[in-house]
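See structure below.
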Amino acid sequence: MKNTTFRRTSAAAVATLALSLSLVACGDEADEAADTASEATSAAGDAASDATEEASESPSEDAAGEGAEAQTFGEACSAVPTSGPGSFDCMVQDPVATAASNNPLLSTLVEAVTAADLVGTLNDLPAATVFAPTNDAFAAIPKKDLKAVLADKELLSSILTYHVIGEQLDPEAVVGEQESVQGGTVEVEGDTDGMTVNGANVLCGNIPTANATVYVIDQVLMPPAN
């Protein structure tokens, strides 16, 4: 039992140190790395001590928390950088529009969000689920049509907000009919082995950002006609 507790507390210390270093990498604050690492080591020691006490007092709670971390799913997740601003570790620290701007799969979506003046709106949402079309999804739209949509702010805003749900939904909770911020509904089917949104495939799902959960999809969703 003592060996198990030691392994858990040691792992907690290493994880805390690694997280603090990743925070520095996300912000490109290399000059603060040494200080951050030192502070993290101290914090990790305190956390390890607390964890030792908690493990002996309430092992069931510790075990319950081990599987609670969000897990991404989908083949396209491998295209996300493993480090730096566009990585999952960094995206979770930024609000959704900012996080998307660092994701190489979503540059056209970010262009559209910027054109619609929705960056602040999305970043300020207390919680959201965002179905994010890839660059290829936008590229499938004829250039003339896409250009016209980008130039029509009202239409563009309607399309983009149709991709947003006003609460954070994990892969189980998101399944079913969901009402979008735009007002229309979307239908999500499947699970982590294969999920669709109005028939569009989820390529990488359950991506956490500071205020949203993102599901990258392979089509641009069109709201129902009024």
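Segment 90-111 and segment 156-222 have Cα centres spaced 16 Å apart. Amide H contacts under 5 Å for SER180: THR185, VAL186, restricted to partners 5 or more places along the chain or on a different chain, H placed in the peptide plane at 1.01 Å from N. From most to least packed by mean Cβ count within 10 Å, the peptides 99-109, 167-177 give 99-109, 167-177. With θ taken as phi - 60° and the Karplus curve 6.51 cos²θ - 1.76 cosθ + 1.60 applied, the whole-hertz 3J(HN,Hα) list for segment 152-161 is 9, 4, 5, 5, 4, 4, 5, 5, 5, 6 Hz, x standing for glycine and proline.
Run through every distinct alpha carbon pair of segment 82-181 and return the Kirkwood hydrodynamic radius in angstroms, one decimal place.
Working: mean 1/r = 0.0701 Å⁻¹.
Across segment 82-181, the inverse of the average 1/r is 14.3 Å.
Using a probe of 1.4 Å, the accessible surface attributed to ILE159 totals some 10 Å² when neighbouring protein chains are kept in position.
Keeping all protein chains in place, calculate the accessible area per residue for segment 167-226 (probe 1.4 angstrom), answer in Å². Before the final figure, lay out each step's value.
On the way: 2820 Å² over 60 residues.
Here the residues of segment 167-226 average 47 Å² of exposed surface.
Over segment 82-226, with every protein chain in place, what whole percent of the accessible area is carbon and sulfur at 1.4 Å, could you tell me?
Carbon with sulfur: 51 percent of the solvent-accessible area.
For the pair LYS144 and GLU111, the difference between a 0.36 nm per residue extended length and the Cα-Cα distance amounts to 10.3 nm. Taking the average, over residues, of other Cβ atoms within 10 Å as the packing measure, peptides 132-138, 118-124 rank 132-138, 118-124 from highest down.
Amide H to amide H, with H built 1.01 Å from N, ILE217 comes under 5 Å of ALA132, THR134, LEU203, counting only residues 5 or more places away or on other chains.
The values are calculated or read from the model by the stated rules, or taken from the named source; none is laboratory data. Computed from a prediction, not measured in an experiment: that's the story for all the values here. Here Cβ is always computed from backbone atoms with ideal geometry, including for glycine, and neighbour counts include all displayed protein chains. SASA here: full protein model, heavy atoms, side chains in, ligands and nucleic acids out. Shrake-Rupley method; radii C 1.70, N 1.55, O 1.52, S 1.80 Å.
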